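First comes the structure, then the notes that go with it.
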Amino acid sequence: MREGFYSIQVNSVQKVVNMVVGGSFSPEKVQQFLNDYHKNLDPIPASQYELRFDCRDLNVITQDMIPHLQGCFELYKTTGFKKVVVEIKQSAIIKMQLNRIAKTVGLEPFEVVEV
(Lines give C-alpha, C1' and ligand atoms only; values in the text may rest on other atoms or scores of the structure.)
Protein backbone atom coordinates (compact mmCIF):
# COMPACT_ATOMS: atom_id res chain seq x y z
CA MET A 1 0.00 0.00 0.00
CA ARG A 2 1.30 3.42 -0.93
CA GLU A 3 2.22 5.81 1.88
CA GLY A 4 -0.01 8.87 2.21
CA PHE A 5 0.93 12.10 0.45
CA TYR A 6 -0.65 15.51 0.02
CA SER A 7 -0.14 19.04 -1.27
CA ILE A 8 -1.91 22.29 -0.39
CA GLN A 9 -2.04 25.27 -2.78
CA VAL A 10 -3.95 28.49 -2.10
CA ASN A 11 -5.05 30.38 -5.22
CA SER A 12 -5.94 33.85 -3.94
CA VAL A 13 -7.00 35.09 -7.39
CA GLN A 14 -9.56 32.34 -8.08
CA LYS A 15 -10.45 31.98 -4.37
CA VAL A 16 -9.77 28.24 -4.47
CA VAL A 17 -7.72 26.00 -2.21
CA ASN A 18 -6.45 23.04 -4.23
CA MET A 19 -5.38 19.96 -2.32
CA VAL A 20 -4.09 16.65 -3.57
CA VAL A 21 -4.44 13.69 -1.20
CA GLY A 22 -3.46 10.11 -1.95
CA GLY A 23 -2.24 6.82 -0.60
CA SER A 24 -2.93 5.60 2.92
CA PHE A 25 -2.37 7.92 5.86
CA SER A 26 -0.74 6.94 9.13
CA PRO A 27 -1.76 8.88 12.25
CA GLU A 28 1.63 10.67 12.07
CA LYS A 29 0.99 11.70 8.47
CA VAL A 30 -2.47 12.98 9.46
CA GLN A 31 -0.84 15.17 12.13
CA GLN A 32 1.69 16.51 9.62
CA PHE A 33 -1.16 17.32 7.22
CA LEU A 34 -3.08 19.14 9.98
CA ASN A 35 -0.03 21.24 10.87
CA ASP A 36 0.47 22.25 7.22
CA TYR A 37 -3.27 22.87 6.82
CA HIS A 38 -3.29 25.39 9.67
CA LYS A 39 -0.09 27.06 8.50
CA ASN A 40 -1.50 27.58 4.98
CA LEU A 41 -5.20 28.19 5.65
CA ASP A 42 -5.54 29.99 8.97
CA PRO A 43 -4.49 33.32 7.36
CA ILE A 44 -7.15 33.28 4.59
CA PRO A 45 -10.87 34.24 4.74
CA ALA A 46 -12.10 30.67 4.09
CA SER A 47 -15.76 31.66 3.69
CA GLN A 48 -14.74 33.25 0.37
CA TYR A 49 -12.92 30.12 -0.84
CA GLU A 50 -13.88 26.79 -2.35
CA LEU A 51 -11.90 23.78 -1.15
CA ARG A 52 -11.16 21.36 -4.01
CA PHE A 53 -9.64 17.97 -3.25
CA ASP A 54 -8.02 15.72 -5.80
CA CYS A 55 -8.39 12.31 -4.14
CA ARG A 56 -8.02 10.17 -7.27
CA ASP A 57 -5.06 8.33 -5.72
CA LEU A 58 -6.69 7.82 -2.33
CA ASN A 59 -6.92 4.20 -1.21
CA VAL A 60 -10.14 2.77 0.17
CA ILE A 61 -10.64 4.19 3.64
CA THR A 62 -9.99 1.62 6.36
CA GLN A 63 -12.09 1.47 9.53
CA ASP A 64 -9.20 2.68 11.70
CA MET A 65 -8.78 5.79 9.50
CA ILE A 66 -12.45 6.86 9.62
CA PRO A 67 -12.10 8.76 12.94
CA HIS A 68 -9.10 10.67 11.53
CA LEU A 69 -10.95 11.49 8.31
CA GLN A 70 -14.02 12.50 10.28
CA GLY A 71 -11.83 14.84 12.33
CA CYS A 72 -10.50 16.38 9.12
CA PHE A 73 -14.04 16.88 7.77
CA GLU A 74 -15.01 18.55 11.04
CA LEU A 75 -11.99 20.84 10.59
CA TYR A 76 -13.12 21.77 7.05
CA LYS A 77 -16.59 22.54 8.41
CA THR A 78 -15.14 24.67 11.22
CA THR A 79 -12.88 26.48 8.74
CA GLY A 80 -16.06 27.56 6.94
CA PHE A 81 -15.32 27.07 3.25
CA LYS A 82 -17.88 28.32 0.75
CA LYS A 83 -18.00 24.79 -0.72
CA VAL A 84 -16.03 21.53 -0.49
CA VAL A 85 -15.59 19.42 -3.65
CA VAL A 86 -13.81 16.06 -3.66
CA GLU A 87 -12.69 14.48 -6.95
CA ILE A 88 -12.24 10.70 -6.93
CA LYS A 89 -11.81 7.90 -9.47
CA GLN A 90 -15.05 6.08 -10.06
CA SER A 91 -15.56 4.15 -6.85
CA ALA A 92 -18.95 3.62 -5.31
CA ILE A 93 -17.29 2.56 -2.03
CA ILE A 94 -15.12 5.66 -1.60
CA LYS A 95 -17.95 7.94 -2.73
CA MET A 96 -20.29 6.36 -0.19
CA GLN A 97 -17.67 6.58 2.59
CA LEU A 98 -16.93 10.26 1.92
CA ASN A 99 -20.60 11.24 1.65
CA ARG A 100 -21.44 9.40 4.87
CA ILE A 101 -18.60 11.10 6.78
CA ALA A 102 -19.59 14.54 5.43
CA LYS A 103 -23.21 13.93 6.44
CA THR A 104 -22.17 12.70 9.90
CA VAL A 105 -20.25 15.93 10.64
CA GLY A 106 -22.71 18.22 8.82
CA LEU A 107 -20.23 19.42 6.19
CA GLU A 108 -22.23 21.44 3.64
CA PRO A 109 -22.18 22.20 0.82
CA PHE A 110 -20.21 19.05 -0.01
CA GLU A 111 -19.91 17.27 -3.34
CA VAL A 112 -18.10 14.14 -4.53
CA VAL A 113 -17.25 14.18 -8.25
CA GLU A 114 -16.18 10.98 -10.01
CA VAL A 115 -13.60 11.71 -12.73
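The values are calculated or read from the model by the stated rules, or taken from the named source; none is laboratory data. Everything numeric in this text was worked out from a predicted model, so none of it was measured. All Cβ positions, glycine included, derive from the backbone under ideal geometry; neighbour counts span all protein chains shown.
Close contacts from region 3-25, counting a first residue that is within 17 Å of ILE66 (Cα to Cα) and a second that is surrounded by fewer than 16 Cβ atoms within 10 Å (Cβ to Cβ) and among the aromatic types (Phe, Trp, Tyr), with Cβ to Cβ under 7 Å and a gap of 6+ residues or different chains, come to GLY22/PHE5; GLY23/PHE5. Take region 57-68 and flag every residue that is more than 19 Å from GLN31 (Cβ to Cβ) and within 13 Å of the chain's Cα centre (by Cα). The answer is ASP57, and nothing else. Does ILE66 fit the bill of being assigned to a strand (DSSP E or B) and either surrounded by 12 or more Cβ atoms within 10 Å (Cβ to Cβ) or among the charged types (D, E, K, R) (or both)? For ILE66, the condition - assigned to a strand (DSSP E or B) and either surrounded by 12 or more Cβ atoms within 10 Å (Cβ to Cβ) or among the charged types (D, E, K, R) (or both) - is not met.
Picking from residues in region 69-82 that are over 22 Å from SER26 (Cβ atoms) and touching a residue at least 24 places away in the same chain (Cβ under 8 Å), the one that is surrounded by the fewest Cβ atoms within 10 Å (Cβ to Cβ) is GLY80.
Select, from VAL113, VAL85, the only residue that is exposed (fewer than 15 other Cβ atoms within 10 Å of the Cβ), modelled with pLDDT of 90 or more and out of contact with any Gly (no Cβ under 7 Å at 6 or more places or on another chain).
After applying the criteria, what remains is VAL113.
Please tell me if ILE94 is in a helix (DSSP H, G or I) and either under 13 Å from the mean Cα position of the chain (by Cα) or surrounded by 12 or more Cβ atoms within 10 Å (Cβ to Cβ) (or both). Before you say what the answer is, go through the steps one by one.
Details: in a helix (DSSP H, G or I): yes; either under 13 Å from the mean Cα position of the chain (by Cα) or surrounded by 12 or more Cβ atoms within 10 Å (Cβ to Cβ) (or both): yes.
Against the criterion (in a helix (DSSP H, G or I) and either under 13 Å from the mean Cα position of the chain (by Cα) or surrounded by 12 or more Cβ atoms within 10 Å (Cβ to Cβ) (or both)), ILE94 qualifies.
Within region 100-110, the residues that satisfy the criterion of being crowded, with 18+ Cβ neighbours inside 10 Å and closer than 21 Å to GLN90 by Cα are ILE101, ALA102, PHE110. Of all residues in region 23-35, those that are in a helix (DSSP H, G or I) and either of a type outside the set (D, E, K, R) or loosely packed, with under 14 Cβ neighbours inside 10 Å (or both) total 8. Reported count of residues in region 8-21, each being part of a strand (DSSP E or B) and modelled with pLDDT of 95 or more, is 8.
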